[in-house]
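Input: a single structure, listed below in structure tokens.
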């Protein structure tokens, strides 16, 4: 005897491992679907929010629910998949014929179910910890997610784990008991409710006893855990019993001889119906097909309508959901989301109810048109959805008396139809009913996120999304024939995926069109700019902008007085007086230092400095002119100083300009232009060479007439500014550089691309400007074009130097002085210089 | 007689295997044609192509004048024929009567009455749900459904596999009833005894090609099994004069057994005169022996003629023989 | 009448039908003027192809055993009885010839063959039921 038992155990081991492996292989598709769905959703939401929100994503505890969904979904489906699909393929009988006991079979399935569930939990938790730490959050923050139950995180996790265990055990038990996978899945809802409601009720009752919040929370947690544990044990026992009963009942059916055709006597109901059918009238094919659908799916449709109506009533009666007449979030939670998921499942039912046991081939064998079949599958469910929406509209959801907002009504309808459409597409694409039912909610979330992305991120008009769903519906019609004839091979999946790709691309088309028609810069220009920038990089040391001036407050006043004098007469007077005092103290410092680039670079407010510069030069020159016009022969000390200072300042200009240009920074180059303009205005003066002295005048002329090096430094500076995007040398304006003066950055991808391209266009136009001769009509038109397209609405491309000093400087648009009229005026200088020689 | 089924050069290539490698077949209307072949020979593929469930890699096919490779014509075809596949799909939850009524909506008038007759003849309880039926009863329901609209062509894919002898007999009777009314029947099977009773012509499908095709009666008359006893196992026998020929041979010790096309007695007499031949006898070859010879060709039976040649069309050889005599 | 068809015994099915009809006529199971079942009925009853049955009937007609009565089917001709008897004699001759040649081939001498035959005849004589006519019939294996 003992040797026999030893033999049996030793022969059991190889059986065991291969059987366990077989069970595991069966659940692999579900594992794959759940993992792909879960991780895919996380990835999708990350990517989409990164693109549309445009700021670094902050850690949100809500992400935990995405990771939590994986074990939950898996737990829901594992029972149906392990047992239900075997029942459908009738392989349980084969297993019974093997030399293993039915206890072993049930045990194997249990072990695999729980083992794989643990695996999924492990994966989900690990991924969550990685994810949370990558975003700098605390993985344990999941403890305080639900407002009511802010007890320790460990308990909440335990509740979730127990919940998933409960779902898997209940799912297994129902799958053993019932033939239909859908039915077993659907029963999980009332089972979970039956567990939750008493615990909830009890907790509520106990909360009235007011034990204090901490004790109350502890009681709540204990109640839930306890009820879950009871549920687990209960379903474990029930499932075991049912499994043994089912397996023992699997005997090969008694072979009956066809002569009598009866295994047993016909029951009473059979006898009744055996005559009835002959009396039924002949109907059209459509009616027959509808009859078949109604008889087959009727229960599910009634359940859908019942749940939907119940939800609608609940929401319309409860005042919880009306806050100022707007949709509150709870409404979305209680009405929209469940109805969307239910509609998705309604869609999954559409084809899978016929796909079970390949019964749809009944139609295929008889040459029924696939299109007709498709229409009959959808007629009733869609009518049901429409009816439900109509009910909602009629029951005056909203404040009493006011009808429901049409937008709201149509929005609800659209969401339900869209969910149904996705469900029916999945129904045709995914072969296993369990996996289809589990993936449907995930697909809905993904589709919703995608729709949001299309509208916000890609500027798709909302009605274009209808085209997406239209294509998805068309795809199921198109692929109906291979599906009906069960020709489901790689070609089938390829075609279906093709349709999916087309459907998903359609909303992106306007955005993509916009991106592709945005002009950019040519490749040669890009290469030239890159070449210039790399061979003449920015000089370091421009970063710090410390002020060298001693007293910043007074200096601000000092500069401010030249920026524009406003206010009352007394104020102006007072200012002028204080300015005089200040000037008396600091002017010489200013004149001594103004020739150094460091002084310019370290100044906080370059515009004011420029104005001071202009003002000082003007003051000095007027002093000189006044002196010249005076008849007295003696030169005043004051005028002597004036001449010295004048020459000093102007003498430092060539050096200053060249040093500024040498930094290859566009801001410095623009500054050097301005300084050149100022110097030019002084050189154009007929008595300039006399006032400045030849020693100062000639270098100035040489500088001003040297177009080539000026242009070269400009090109280099432009190339660097184009490359170094984050330095902001080009300012903020170019990103709005376009034909459309009201261009705004809407946060979507096309507008983002347009910003980028706008920048490139600006640089390209400036480049083109530099290739044009100064003073030519093209230069004028090009400057005009740049001005009109630019964001700088006040932007004057001020170029004219007339006799007066031009005080109104534009805002910080770069390159305003390029190809200005003043460049043309430098030629005058050259000819004058030539005359002089 | 015009052909109900005309198949020419049909090929079906799957990645990794060639199911059909050039099949030519014609079936006159009003006859019963049976396709014999081992499992995996391509019978089901052929039938699936004929009913439009599969598109062939090459070749043409014309059933009742319709081309099943065109989708619209395939649907039309399936409406006109009665097709019972090897695993007929039925809605389990319907009762026998309900499914009859349901199917009747797809066909013209008269379906229900014929279906009712068929059900009564098979003594099936009309009120019972299909999921409670045994396998034989399910097959009967499927056959009744296929016959009730009185189709011109009946295509059956292994209709009696897995059924007990009584049910098989009933199926046979139904098939014959259809044939007797002048309809065409096309069936694939490997129940050779049934085929011998019921077929007008047969075709043997092996390795994707038709190895033998022709009217059954002519086939049986023109094929003989000749057993030759030799004094020395190494003696080679001369080829038979045309149009006779050796289809297959097997050697065992000093005896050789050959399947001979043509007059068996004449062949036996011919060989008896050869030296070293002790005795030669001829008897009619059974269809089973013929089938085994055609399908086991390379391993046990050697092909005397070159393998892979055009299928032996018995009709041609008998005609030539007749003209000779 | 009952037919028993064996598709495997080397004789084609239609030939079996023809023979059995002829023997039945010879035995008096089928009497002249009796109607044969229709092609359809017989083919369904025997579970054989109707064309085969049709061919058998055609041969019976051409052999003069049956004649077609308009609207009713095939009937046995009155002259059939003798022809069937003749057919049976021919068949018996064939069978005797093949038995004797087998014996001779096996090495028996003519004397031994004759002795064997007379032995058998002695055993059987008087123990075999005959048909109510002068013709002999093969041994019938049926219960009394």
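Here's the picture: a label point sits 7 Å out from the Cα of residue A:303 along the beta-carbon direction, and within the stretch A:159-189 the residues with their amide nitrogen under 18 Å of it are A:167-189.
Annotation for residue A:193 and residue C:67: the two label points, set 7 Å from Cα along the Cα-Cβ direction, are 8.7 nm apart.
If the segment from residue A:241 to residue A:395 were pulled out straight at 0.36 nm per residue, it would be longer than the present Cα-Cα gap by 50.7 nm. Each helix, a run of at least 4 DSSP H residues, gives -39500 (n - 2.57); summed and divided by the residues of chain B, these come to -10000 deg cm²/dmol at 222 nm. The mean number of Cβ atoms from other chains found within 10 Å of a Cβ in peptide A:279-285 is 4, as a whole number.
Between residue A:693 and residue A:512, the C-beta separation translates, for a Förster distance of 51 Å, into a calculated FRET efficiency of about 0.20.
Taking 7 Å steps out from each Cα toward its Cβ at residue A:629 and residue B:93 produces label points 11.0 nm apart. Inter-label distance, residue C:45 to residue A:530: 9.7 nm, where each label sits 7 Å from its Cα along the C-beta direction.
Shape verdict for the stretch A:283-517, please, from the Cα gyration tensor: rounded (a/c under 1.5), prolate (a/b greater than b/c) or oblate. Don't skip to the end; give the middle numbers.
On the way: a/c = 2.22, a/b = 1.25, b/c = 1.78.
Oblate.
Remark: the residue A:383-residue A:213 segment gains 56.3 nm on full extension, using 0.36 nm per residue and subtracting the alpha carbon distance. Residue by residue along B:101-112, Cβ atoms of other protein chains within 10 Å of the local Cβ number 5 on average.
A protection proxy built from the mean count of other Cβ atoms within 10 Å ranks the segments A:337-348, A:70-81, most packed first, as A:70-81, A:337-348. Given R0 = 60 Å, the distance between the Cβ atoms of residue C:120 and residue B:117 translates into a calculated FRET efficiency of 0.65.
Relative contact order of the stretch B:3-207: 30 percent, from C-alpha pairs under 8 Å at least 6 residues apart in sequence. The listed peptides C:70-83, B:68-81, A:167-180, ordered by packing as a protection proxy, come out as A:167-180, B:68-81, C:70-83 (highest mean of other Cβ atoms within 10 Å first).
May I ask you to order A:192-201, A:712-721, A:755-764 by the average number of other C-beta atoms within 10 Å around their residues, highest value first? If you can, show how the numbers build up before the last one.
Values: A:192-201: 14.4, A:712-721: 23.6, A:755-764: 21.3.
Peptide ranking by packing, descending: A:712-721, A:755-764, A:192-201.
Largest GNM mean-square fluctuation across B:204, B:235, B:192, computed for chain B with C-alpha springs under 10 Å, falls on B:235.
How would the stretch C:14-117 be classified by its alpha-carbon gyration tensor: rounded, prolate or oblate, with rounded meaning a/c under 1.5 and the a/b versus b/c comparison settling the rest?
Details: a/c = 3.64, a/b = 2.23, b/c = 1.63.
It comes out prolate by the Cα gyration axes.
Other protein chain C-beta atoms within 10 Å of residue C-beta, averaged over A:358-371: 6.
For residue A:488 and residue B:29, the FRET efficiency from 1/(1 + (r/R0)^6), where r spans their Cβ atoms and R0 equals 30 Å, is about 0.30.
Quick note: the coordinates plus some simple rules give every number you see, no bench work behind them. Just so it is clear, the model here is predicted, and its values are computed rather than measured. Positions of Cβ are generated from backbone atoms using ideal geometry, with glycine treated the same way; all protein chains shown enter the neighbour counts.
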